[in-house]
1. Mind pulling up the Rg/Rh value for region 163-219? Radius of gyration and Kirkwood radius, both on Cα.
2. Give me the base-10 log of I(q)/I(0) for region 235-313 at each q in 0.24 Å⁻¹, Debye formula, one uniform scatterer per Cα, rounded to two decimals.
3. Over region 126-224, with every protein chain in place, what whole percent of the accessible area is carbon and sulfur at 1.4 Å, could you tell me?
4. Over the alpha-carbon set of region 375-463, work out the extent along each principal axis and list the three values in angstrom, largest first.
5. Using the Karplus curve 6.51 cos²θ - 1.76 cosθ + 1.60 with θ = phi - 60°, work out ³J(HN,Hα) for each residue of region 126-139 in order, rounded to whole Hz, and write x for Gly and Pro.
6. How large is Rg over Rh for region 110-163, taking Rg from the Cα atoms and Rh as the Kirkwood inverse mean of 1/r across Cα pairs?
7. For region 104-182, give the share of DSSP beta bridges that are antiparallel, in percent and rounded to the nearest 5; count only bridges with both residues there.
8. Length gain on complete extension for the stretch ARG158 to THR280, per 0.36 nm per residue less the alpha carbon to alpha carbon distance?
Amino acid sequence: MTSATGHPGDRAARQADLLARARRRSGAERARTARPLARAAGAEPAPLSHAQQRMWLMDSLGQGGARYHVPLATRLRGPFDPEALATALTALTARHAVLRTRYGQRDGRPCQEVGPVVRVPVAVVPAAEQDAPALLHEEAAHPFDLATGPVLRALALRHAPEDHTLLLTLHHIAVDGGSLPVLTADLQALYAAAVEGRPADLPDPGPQYADYARWERERDAELAAAADERAARLAGTRPLPLLRPVPPGTPERRAALHTAPLPAATLDGLRQLGARHGATLFTVVLAAAFAALRIATGEPDLTVGCAGGHRARPELRRLVGLQVNTLPVRADLSGDPRFTEVLAGVRAAQLDAQQHQHVPFDLVVARLDAAARGADGTPPLAVSCDLVRPAEPLALPGLTAEPVEIDLGLAKFGLTLLVEEGPRPRCLLQHDPAALDAEPAGRLLAGFAELLAAVAADPDRRLSALPGTRLAPPAPAAPHSAAPHSAAPHSAAPHSAAEPAAAEPAAGAAGTGPQPPHPAVAALLADPRVADAAVVDPAAGPAVAYAGPQPAGCTRRPSPGRSRAVRTARRGRPARPAGPHPPGPTPARRCPAGDPAGHRRVRARSGRPPGPEPPGRAPVSAPVS
């Protein structure tokens with residue numbers, strides 16, 4: 001969508017056109033995806049879905065980390081039975097094969113392979129109540145090895161004979177927000193059956209996630225064509241000028257959280273506003289986020305990410321697995337429209353995006369030009385918005401349960417604006433301090449909260465009459481020191497191995513001076529297993545990044561260790577299969593014959609990052625999209 005003049009008649013015509021096209025596409029999409037999702041007869045490895053492949057690549061480059069962990073913690077009071085829970089968890093992995101899936105490679109390509117059903121142990125650790133937060137955080141942040149598994153683990157802290165805190169930690173590659181209600185309902189039934197010594201009465205789980213991944217990959221040609229269309233709709237988008245670029249190769253993005261109370265009357269007013277205009281509460285919140293960003297930046301052409309999914313088909317509604325997708329919503333706020341006009345425009349743009357929620361966002365980004373990332377490397381979609389609810393506890397039969405908050409302090413986006421429903425509604429702003437300082441973040445949240453109250457009371461106010469403050473562009477970050485193996489200092493650009501590649505001058509070329517490394521080099525060198533890296537940008541085709549592994553015996557970055565109590569509790573669990581590399585991110589795929597000996601190659605397609613990632617929930621709320 002290109003920015004327009006802002007004339008009310010022009011804007012209304014564009015909105016009507018968007019809505020009409022979205023409705024036409026809705027019927028066409030239902031017909032196009034009507035092919036049945038068949039179950040595979042054998043146990044052959046399956047390809048990764050697009051969402052899984054993006055996450056696998058992030059993990060391979062050391063850019064995933066604990067921000068893709070999904071911790072679910074519950075305080076349980078009553079006669080808790082850890083052995084019954086272990087039996088129930090084992091049965092849960094038997095029902096949902098994605099919970100016992102490993103992610104390796106076959107013929108140089110990543111694949112997923114379902115492992116056998118093995119007992120899921122529940123480590124029980126005596127712990128004083130004051131020690132629980134540190135132990136829970138340590139366990140929730142402990143790395144997964146996707147190549148060997150498991151992607152689900154359980155820890156129970158015993159505070160007293162009938163007082164426990166249970167922590168289930170899963171990897172996001174195996175679940176999303178839509179999976180969690182299915183898993184918790186199944187686990188409740190399986191636990192009750194295990195306690196009572198009877199079989200659980202559960203329906204057939206239906207297709208497995210590997211079946212979905214195969215089905216999606218069979219549609220790759222259709223998805224590529226749809227991605228071309230979406231990229232054309234997003235042509236000309238620019239990064240939000242409010243955010244600083246994050247230093248390259250940053251393995252974990254820290255998160256800061258600001259909150260402001262939201263009166264229940266304001267939330268009711270926002271719901272009523274949406275009902276009058278045929279919009280959901282989330283759409284009203286999204287429109288308010290656009291308005292707040294427009295006031296803060298002065299930019300009329302804005303794109304914000306929100307979470308979409310693939311659960312429209314009946315057989316996918318109870319499918320456990322990663323079906324989330326990032327939906328870029330682009331809206332035109334030029335001129336000085338009333339908030340009701342902003343709401344209508346955002347509603348039309350959101351509906352248009354939702355009709356393409358089956359199109360993987362990484363395919364769309366791969367088709368955007370280099371300018372979509374900004375000259376400094378800022379990603380094209382660094383802002384997200386969501387409507388969340390307080391986390392629900394895992395209510396096991398015979399026990400009283402209350403949720404326990406675990407904040408790993410990690411961000412998926414540079415900036416996320418949220419509204420949390422529940423008994424105590426509030427506004428939240430999560431940001432990466434490397435991208436946005438605390439002072440402007442706090443001012444932006446205050447403006448967002450005041451704007452929500454203002455439009456709930458009078459939605460016909462124009463943008464110029466709404467609360468908010470124009471924020472100055474961020475000051476540059478302090479220079480980032482070079483990585484130990486870097487031949488040149490890091491550039492100010494963030495990031496991942498998919499930055500659009502620029503032609504590298506020949507060594508010693510006159511007038512060039514020292515050149516900053518390609519962001520793919522920075523990302524690869526951030527992995528302690530990589531000794532050297534380089535990018536070759538051919539005249540035609542995608543850029544190729546080469547990585548040379550460290551010689552045997554070199555020092556590696558140690559993984560965060562568990563406490564002695566947790567290690568002791570886990571003694572006696574089955575040994576993990578020997579893998580081709582130590583625990584940690586899986587290595588990039590090996591090169592085919594003819595590539596430099598001992599090097600590995602990763603495609604760095606122009607414009608295609610391994611992210612930004614699908615928006616997650618606020619750390620205080622639902623933990624995953």
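The values are calculated or read from the model by the stated rules, or taken from the named source; none is laboratory data. Small disclaimer: the values here were computed from a predicted structure and weren't measured. Ligands, DNA and RNA are stripped out before the accessible areas are found, and what is left, the full protein with its side chains, is counted by its heavy atoms. Shrake-Rupley method; radii C 1.70, N 1.55, O 1.52, S 1.80 Å.
1. Looking at region 163-219, the ratio lands at 1.07.
2. Log-scaled intensity ratios, in q order: -1.24.
3. For region 126-224, the apolar C and S fraction of the accessible surface comes to 55 percent.
4. Principal extents (Cα only, largest first): 55, 39, 23 Å.
5. Couplings: x, 8, 5, 4, 6, 8, 4, x, 5, 5, 5, 4, 4, 5 Hz.
6. Details: Rg = 14.5 Å, Rh = 13.3 Å.
Value, to two decimals: 1.09.
7. Antiparallel bridges: around 70 percent, rounded to the nearest 5.
8. Gain in length upon complete extension: 39.6 nm.
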